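The values are calculated or read from the model by the stated rules, or taken from the named source; none is laboratory data. The structure displayed is predicted, hence computed values, not measured ones. Backbone-built Cβ (ideal geometry, glycine too); neighbour counts: all protein chains shown. For accessibility, only protein heavy atoms count, side chains too; no ligands or nucleic acids. Shrake-Rupley method; radii C 1.70, N 1.55, O 1.52, S 1.80 Å.
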Amino acid sequence: TAYNESARFVSEGVNNIYQKELYFGEEFKTNKEVRRKLDGFNVDPYHYPPPFLLLPIMARAVVGGSFLDLRMLWFAIGVLSLLIAIGFITYRLELFWCSMPVLAGLQMSNVQIIIIAISIISMAAFTFNKPVGGILLAMSSVAKIFPGILVIYLLAQKKFREVGWVFGFAVVLSIIAF
């Protein structure tokens, strides 16, 4: 709900998408038990950095603004990115798909599944296309901080070109987002 609502607020020209009132409603000021609903789901506040919002804005444009359609697309993006990432690291897919972290992450539409998958794909992509690896790792690093540890790994391996691509794309994504 946070991704959908924050993308909607941006499209409506709201200057500060981090205002609690946008997500909880005016009633929340007097009654902390009241939660705004969107198609039966509690609306959560948006806590991610602005560059992360580029993906939900594009996904929302694809589905035409429908929250339930966005939720289905988000699930499909999570499954597809995970499938691609798993293809790089394992041949025993059935064991992986049945694990609770994967099932819970997909059910709740958590972005961590997508971020981890994109990070794995980026590291594999560096072997055959440095710019693709750079933009993928930059995307995951500006969305969540934990993929940034892979940049430290690249530095330790003295892969300075790869680090340059990551930083370059991170700057471009941040400029686009602001």
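Using the membrane-span-like helix rule (whole DSSP H runs, Cα extent along the own axis of at least 24 Å, mean Kyte-Doolittle hydropathy at least 1.6), which helices of the chain qualify?
Membrane-span-like by this criterion, though nothing is claimed about a membrane: 67-89, 160-177.
Using only the alpha-carbon atoms of region 1-76 as identical scatterers, what base-10 log of I(q)/I(0) does the Debye formula give at q = 0.17, 0.26 Å⁻¹?
-0.64, -1.28
Using a 1.4 angstrom probe, figure out how much accessible area the chain has per residue, in square angstrom, rounded to the nearest whole.
58
Can you pull the percent of the chain's accessible area that's carbon plus sulfur, 1.4 Å probe, other chains left in place?
67
Taking a ≥ b ≥ c as the square roots of the eigenvalues of the Cα gyration tensor of region 134-178, is the shape rounded (a/c under 1.5), prolate (a/b larger than b/c) or oblate?
oblate
Say each of L103 and S174 gets a label point 7 Å from the Cα, pointing the same way as Cα to Cβ; how far apart are those two points in nm?
4.0
Which log10 I(q)/I(0) values, to two decimals, does region 105-148 give at q = 0.27, 0.30, 0.33 Å⁻¹ under the Debye formula with one point per Cα?
Once normalised to I(0) and log-transformed, intensities are -0.85, -0.97, -1.07.
Given N residues in the chain, what is its alpha carbon radius of gyration divided by 2.2 N^0.38 Å?
Against the empirical 2.2 N^0.38 Å value, I get 1.13 for the chain.
Set the Förster distance to 22 Å, then compute FRET efficiency between F167 and Y18 from the Cβ-Cβ distance, nearest 0.05.
The value I calculate is 0.30.
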